[in-house]
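One structure is given below, encoded as structure tokens.
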Protein chains: 2
Amino acid sequence: MPVNLTAPDPATLSPVPGVRIGTAMAGVRKPNRRDVTVMTLAEGSAVAGVFTLNRFCAAPVQLCREHLAGGTGVRAIVINTGNANAGTGEDGLVRARRTCIALARQLEIAPEQVLPFSTGVIMETLPVERIEAGLPAALADLKEDNWALAAEGIMTTDTLPKAASRQVRIGGRTVTVTGISKGAGMIRPNMATMLGFVATDAVVAPALLQPLVKEAADASFNRITIDGDTSTNDSFVLIATRQAGHAEITALDSAEGQALREAVIAVSQQLAQAIVRDGEGATKFITVRIDGGRTEAECRLAAYAIAHSPLVKTAFFASDPNLGRILAAVGYAGIDDLDQGLIDLFLDDVHVVVQGGRHPDYQEADGQRVMKQSEITVRVDLHRGDASATVWTCDLSHDYVSINADYRS
Amino acid sequence: MPVNLTAPDPATLSPVPGVRIGTAMAGVRKPNRRDVTVMTLAEGSAVAGVFTLNRFCAAPVQLCREHLAGGTGVRAIVINTGNANAGTGEDGLVRARRTCIALARQLEIAPEQVLPFSTGVIMETLPVERIEAGLPAALADLKEDNWALAAEGIMTTDTLPKAASRQVRIGGRTVTVTGISKGAGMIRPNMATMLGFVATDAVVAPALLQPLVKEAADASFNRITIDGDTSTNDSFVLIATRQAGHAEITALDSAEGQALREAVIAVSQQLAQAIVRDGEGATKFITVRIDGGRTEAECRLAAYAIAHSPLVKTAFFASDPNLGRILAAVGYAGIDDLDQGLIDLFLDDVHVVVQGGRHPDYQEADGQRVMKQSEITVRVDLHRGDASATVWTCDLSHDYVSINADYRS
């Protein structure tokens with residue numbers, strides 16, 4: 001039961017000139033699922049990505065890093081669900097390479113020009129022959145306006161596809177930014193999310209793409225958490241086909257660069273928040289904002305301590321204003337010299353805690369009223385500086401346990 | 001449904017000469033609950049404690065630290081359940097002091113000779129007048145063999161009382177070590193557990209008590225986790241009444257010191273493990289052992305990453321050998337230069353992963369067999385050094401969510 005999220009209307013997803021998409025049902029793990037997605041990118045496209053910091057990163061993540069570093073120009077992306085190809089050792093790398101080779105052969109490009117992505121169960125052998133067998137169907141399906149199908153094609157435990165699109169005017173031209181993402185568990189991205197792909201036709205200098213993808217990730221996918229587990233396969237990729245016809249953007253702080261940044265960040269945030277809204281078992285969407293920290297880093301520590309606490313998350317599920325649990329989480333967040341006597345806590349507009357103790361005017365009924373909402377903002381003011389940080393999370397429900405206790409969902 | 005844990009047989013809990021215990025039903029939060037416990041300590045007793053590192057520590061924890069530092073000699077302990085007196089600001093301190101003053105007056109000692117402990121709901125006003133009113137009944141009940149009642153008297157969401165006792169021969173005398181503890185949620189002790197009290201009549205130099213309580217905590221209460229939440233009230237106290245009649249122990253590494261250490265650590269470990277066995281919703285007791293680390297600290301990082309992962313914990317609940325989740329947790333534990341290609345994973349005697357990939361002989365049925373047990377050891381060898389660390393945890397079940405989603409349990 002996703003929180004205030006609906007399937008994207010395909011008509012609202014503007015195609016990105018230069019990006020064609022096809023999907024196939026290859027039976028990677030289960031039959032009759034759209035489980036292989038291919039994207040082809042026009043010549044001259046620039047691509048940058050950020051990937052999981054999990055040391056046990058998956059074989060495809062290792063190949064993505066290698067191929068992006070090689071600088072031969074990415075021309076295709078292949079994504080499979082049903083198997084993460086992680087914890088698979090050397091054999092996993094061989095199978096990920098085979099996927100690239102098979103797609104490269106059919107597109108008449110080099111294997112190093114393919115980025116492979118896998119998501120699904122960890123520590124099982126990738127059935128690469130099924131992916132290979134599915135590629136012709138995906139290629140036969142290639143179309144510019146297949147973004148909605150691609151959003152479906154990368155789903156695992158997601159209950160809804162996730163896509164976002166927006167257009168901006170740059171240099172007198174309409175520039176499109178369209179993207180897709182997937183969750184829905186093992187979500188505490190660290191430099192990237194499970195899978196996110198955002199494409200634009202903006203004519204942007206290739207060297208700007210890496211800082212832009214990093215900035216967008218830090219403002220979106222790196223600000224969400226569902227269960228605190230950082231996946232082995234997190235990947236977030238930004239593609240620029242550079243076909244919009246305006247003068248090249250050579251600085252992100254120019255007026256044109258700003259317009260592009262804002263559009264990319266807005267699409268990325270919408271995709272990241274969609275992952276939380278469709279988090280496993282989620283019934284509430286929670287914004288946690290910490291103000292008054294000395295550094296952004298310590299604000300993030302406190303925000304994540306709240307967002308990861310199973311006690312806080314079950315209280316949200318129960319609509320129980322058991323708000324001492326939030327204070328406890330701030331207290332163990334790891335800010336060593338924190339003075340509890342300075343702290344304010346607000347639940348939306350309700351002032352719950354002042355100077356570390358219950359606000360004299362706080363009424364349980366007011367807390368209860370906010371806790372019953374499907375969207376809640378927790379705001380803590382540390383009163384020790386000017387830094388802030390925001391993260392987005394969901395509650396912890398019976399359904400989270402059910403979904404993850406199911407045998408190999 | 002505690003895991004292989006039963007209520008202690010009162011006959012097995014040896015009294016500690018010099019410690020008398022009384023309990024009362026004071027109606028702190030609910031009627032007809034044994035919710036106030038008093039311990040009196042003979043003159044000459046030595047007391048040391050370790051307390052939560054949560055910056056939002058409760059008022060009674062602040063007073064305990066103050067009273068222990070004062071060095072006037074602790075003569076009494078008072079524990080209430082039903083209210084944690086945390087997140088209560090200055091007023092909370094005033095109320096904790098009132099508890100000490102009331103007990104001190106009746107025992108004719110100084111308020112600074114009383115250590116107060118509170119456990120229960122956070123951010124509600126301590127009904128100190130009810131505790132004061134309950135003290136005479138608790139004092140009328142004072143007896144040396146009341147340990148089993150004390151174990152009951154400190155329970156909150158625990159389903160069973162927790163106590164342990166053992167006797168050793170030191171210097172030709174029988175020395176007793178008896179203790180009690182409580183859990184059962186908000187458990188990721190950091191220097192101490194929710195509440196643990198261990199007493200001995202050993203004649204030990206008072207200066208040795210602080211290193212001994214620290215060592216015992218590090219080997220027991222600081223090695224358990226249920227939900228990763230560090231409480232505001234964690235306290236672990238070691239009492240030596242020094243009445244056993246043998247020559248004073250002046251060094252912990254002497255033969256007599258070793259005998260005492262072993263007994264104190266054994267009792268502490270049994271009490272700490274009992275908290276996990278009775279963890280909220282627990283159905284399995286999991287030992288996580290990391291070998292082959294460069295430092296104990298990095299072994300602990302990996303062990304806690306596994307023990308805190310909701311995905312790993314739900315897999316244990318489901319008896320699902322979805323063991324890639326364990327690898328993923330090791331990968332994001334924060335060991336930056338970890339080489340996944342070196343890692344071995346064992347589930348009890350089953351060799352699951354070799355060199356970072358699935359062991360060729362590993363059969364799902366073998367993993368399944370172990371996962372169905374109520375006691376499981378996960379062992380990971382990092383193959384990069386000689387350090388090891390062990391932590392104990394439980395699974396994450398529907399009942400954990402139910403218990404914590406209940407309105408103010």
- With point charges of +1 on the Cβ of Lys and Arg and -1 on the Cβ of Asp and Glu, referenced to the Cα centre of region B:10-277, which listed residue (B:Gly179, B:Ala151, B:Ala96) lies farthest in the positive direction of the dipole? B:Ala151
- Item | Within region B:248-291, backbone nitrogen closer than 17 Å to the virtual label 7 Å beyond the Cα of B:Gln167 toward Cβ | B:260, B:263-264, B:267
- Shortest first, in nm, what separates the label point of B:Ala247 from those of the same position in the other copies (7 Å along Cα→Cβ)? 9.4
- Task: Give me the distance in nm between label points sitting 7 Å out from Cα along the Cα-to-Cβ direction at B:Ser254 and A:Ala297, one decimal.
- Result: 4.7
- Item | Listing of region A:19-58 residues, each with accessible area lower by at least 20 Å² in the full protein assembly than in the chain alone (probe 1.4 Å) | A:Asn54, A:Arg55, A:Phe56
- Task: Might you tell me the accessible area per residue for region B:285-405, computed with a 1.4 Å probe and given in Å²?
- Result: 33
- Message: Assuming 0.36 nm per residue, please report the length gained on full extension of the stretch B:Asp91 to B:Ala110 beyond their Cα-Cα distance.
- Response: 4.7 nm
- Relative to chain B, whose Cα atoms define the longest principal axis, helix B:209-218 and its Cα axis are tilted in degrees, nearest 10, by 30
- Task: Rounded to the nearest 500, what is the 222 nm mean residue ellipticity of chain A from helices alone, with -39500 (n - 2.57) per DSSP H run of 4+ residues and division by all residues?
- Result: -9500 deg cm²/dmol
- Message: 7 Å along Cα→Cβ for the label point: how many nanometres lie between B:Leu342 and each equivalent label in the other copies, listed shortest first?
- Response: 4.2
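Less than 14 Å Cβ to Cβ from B:Arg75, Lys/Arg counted +1 and Asp/Glu -1: what total charge do the surrounding residues give? Can you show the working numbers first?
Numbers: positive: B:Arg20, B:Arg105, B:Arg242; negative: B:Glu43, B:Glu108, B:Glu112.
That works out to 0.
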- Check cross-link reach from A:Lys143 to the lysines: straight Cα distance under 26 Å, and skip same-chain residues fewer than eight apart. A:Lys30, A:Lys162, A:Lys182
- What list of ³J(HN,Hα) couplings, whole Hz, do you get for region A:260-265 from phi and the Karplus terms 6.51, -1.76, 1.60, once you set θ to phi - 60° and write x for glycine and proline? 5, 4, 4, 5, 5, 5
- Message: Which residues, if any, in region A:349-365 lose at least 50 square angstrom of accessible heavy-atom surface (probe 1.4 Å) when the other protein chains sit next to their chain rather than the chain being alone?
- Response: A:Arg358
- Query: Share of chain B's accessible area from carbon and sulfur, percent, 1.4 Å?
  - Reply: 48
- Calculate the dipole size of region A:191-282 relative to its Cα centre from +1 charges on Lys and Arg beta carbons and -1 charges on Asp and Glu beta carbons; express the result in debye to the nearest 20. 120
- Message: Give the aspartates and glutamates reachable from A:Lys284 as a straight Cα distance under 15 Å; neighbours fewer than 8 places away on the same chain don't count.
- Response: A:Asp227, A:Asp320, A:Asp348, A:Glu375, A:Asp395, A:Asp399
- Residue (of B:Val391, B:Gly120, B:Gly281) at the positive-pole extreme of chain B, dipole from beta-carbon charges: B:Gly120
- Message: If you count only protein heavy atoms with a 1.4 Å probe, what accessible area per residue comes out for region B:10-277, rounded to a whole Å²?
- Response: 33
- Report, by chain and number, residues whose modeled amide H sits under 5 Å from the one on A:Thr283, excluding near sequence neighbours (fewer than 5 apart, same chain). A:Asp395
- Work out the charge dipole of the protein assembly as shown with +1 on the Cβ of Lys and Arg and -1 on the Cβ of Asp and Glu about the Cα centre, then indicate which of A:Ala333, B:Asn222, B:Ser402 is farthest towards its positive end. B:Ser402
- Can you run phi through the Karplus equation (6.51, -1.76, 1.60; θ = phi - 60°) for region B:122-137 and list ³J(HN,Hα) in whole Hz, with x for Gly and Pro? 8, 6, 10, 5, 5, x, 5, 5, 5, 5, 4, 5, x, 4, x, 5
- Item | Charge dipole magnitude, Cβ of K and R +1, D and E -1 - region B:259-409, Cα centre, debye nearest 20 | 280
- Message: 7 Å along Cα→Cβ for the label point: how many nanometres lie between A:Lys143 and each equivalent label in the other copies, listed shortest first?
- Response: 8.3
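Return the value, in Å² to the nearest 100, of accessible area buried between chains B and A (probe 1.4 Å, both sides summed).
4900
For B:His351 and B:Glu144, FRET efficiency with R0 = 56 Å and r from the beta-carbon atoms, rounded to 0.05? Don't skip to the answer; put the middle values down first.
Numbers: r = 51 Å, r/R0 = 0.92.
So, using R0 = 56 Å, E works out to roughly 0.65.
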- Message: Between A:Ala11 and A:Thr125, what is the label-point separation in nm under the 7 Å Cα-to-beta-carbon projection?
- Response: 4.9
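How big is the charge dipole of chain B about its Cα centre, in debye rounded to the nearest 20, if each Lys and Arg gets +1 on its Cβ and each Asp and Glu gets -1 on its Cβ?
Details: 37 positive and 47 negative charges, 187 e Å.
So the dipole magnitude of chain B works out to roughly 900 debye.
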- Query: Modelled label-to-label distance, B:Glu43 and A:Asp337, 7 Å Cα→beta-carbon offset: nm?
  - Reply: 4.5
- In region B:83-188, what GluC sites (Glu not before Pro) fall in a loop by DSSP, with at most 14 other Cβ atoms inside 10 Å? B:Glu108, B:Glu144
- Between region A:85-115 and region B:54-115, the alpha-carbon center distance in angstrom: 65
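The values are calculated or read from the model by the stated rules, or taken from the named source; none is laboratory data. Keep in mind that this is a model prediction, so the values were computed, not measured. Because the Cβ atoms are built from the backbone with ideal geometry, glycine has one as well, and the counts that use them run over all protein chains shown. Each accessible area value is taken on the protein alone, full model and side chains, heavy atoms only, with ligands, DNA and RNA left out. Shrake-Rupley method; radii C 1.70, N 1.55, O 1.52, S 1.80 Å.
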